[in-house]
Amino acid sequence: MAAPKILVVDDNRVVRNVLEMQLVTHGYEVTTAANGPEAVTAAAANEPDLLILDLTLDSDPLEQMRNGFTLLAWLRRTLVDCAFPVIVHTADKSPWIEAEADRHGVYAVFRKGEPAGKLLELIRHALIDRKAA
């Protein structure tokens, strides 16, 4: 059975590397992207089973894709199979984030700094729910 594929989109290289190491250690196949255009290319090429998405992509050369929710909407409009669950990975704790996440059909919001075990549990449940759908 093939390992589930996860796409991690975060403009912070350290965050991407840490997440990649943690996820690979737990048996996932991981692709990373630093910005919107890289994420679009990676999602189209790798057909991920799950997306972990930062909301502020300061390194994005395209102004319109610096917001993770904007990127997510674009992915869902343009990719044929974009039914993968999304876990937003953010430091922002504002209620607006939860409301926008709900509006965009995000599976869960994971706050940066929370225990890695919680993220791994969210991923496991999201992948199970995707298979059941």
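The values are calculated or read from the model by the stated rules, or taken from the named source; none is laboratory data. Keep in mind it's a predicted model, so treat the numbers as computed, not measured. So basically every Cβ, Gly included, is an ideal-geometry build from the backbone, and we count neighbours across all protein chains shown.
Filter the stretch 92-104 for residues that are within 13 Å of Gly68 (Cα to Cα) and of a type in the set (Gly, Ala, Ser) and give the result.
Ala101
Write out, first by first residue and then by second, each pair whose Cβ atoms fall under 9 Å of each other, whose residues are 6+ apart or on separate chains, and whose first residue, in the stretch 66-77, is closer than 14 Å to Thr90 by Cβ while the second is of a type in the set (S, T, N, Q) and crowded, with 16+ Cβ neighbours inside 10 Å.
Note: pairs meeting the criteria are Arg66/Asn35; Gly68/Thr90; Leu71/Asn35.
Scan the stretch 99-129 residue by residue and report those that are surrounded by 14 or more Cβ atoms within 10 Å (Cβ to Cβ) and among the acidic types (Asp, Glu).
Listed by number, the list holds a single entry, Glu100.
Considering only residues that are of a type in the set (Val, Ile, Thr) and farther than 14 Å from Leu53 by Cβ, look in the stretch 64-98 and name the one that is surrounded by the fewest Cβ atoms within 10 Å (Cβ to Cβ).
For the stretch 64-98, the residue satisfying everything is Val80.
Is there any pair linking a residue in the stretch 11-29 that is modelled with pLDDT of 95 or more and outside any helix (DSSP H, G or I) to one that is surrounded by 13 or more Cβ atoms within 10 Å (Cβ to Cβ) and not aliphatic (A, V, I, L, M), with Cβ under 6 Å and at least six apart or on different chains, and which?
Tyr28/Pro4; Glu29/Lys5
Can you pull out every residue in the stretch 34-62 that is more than 15 Å from Asp81 (Cα to Cα), modelled with pLDDT under 95 and not in a loop (DSSP other than H, G, I, E, B)?
Hits for the stretch 34-62 are Gly36, Pro37, Glu38, Thr56.
So that you can scan it fast, the table gives a plain yes or no per residue for (1) under 19 Å from Ala39 (Cα atoms); (2) in a loop (DSSP other than H, G, I, E, B); (3) modelled with pLDDT of 90 or more; (4) under 15 Å from the mean Cα position of the chain (by Cα):
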| residue | (1), (2), (3), (4) |
| --- | --- |
| Arg76 | yes, no, no, yes |
| Asp81 | yes, yes, no, no |
| Ile87 | yes, no, yes, yes |
| Lys93 | no, yes, no, no |
| Val106 | yes, yes, yes, yes |
| Glu114 | no, yes, yes, no |
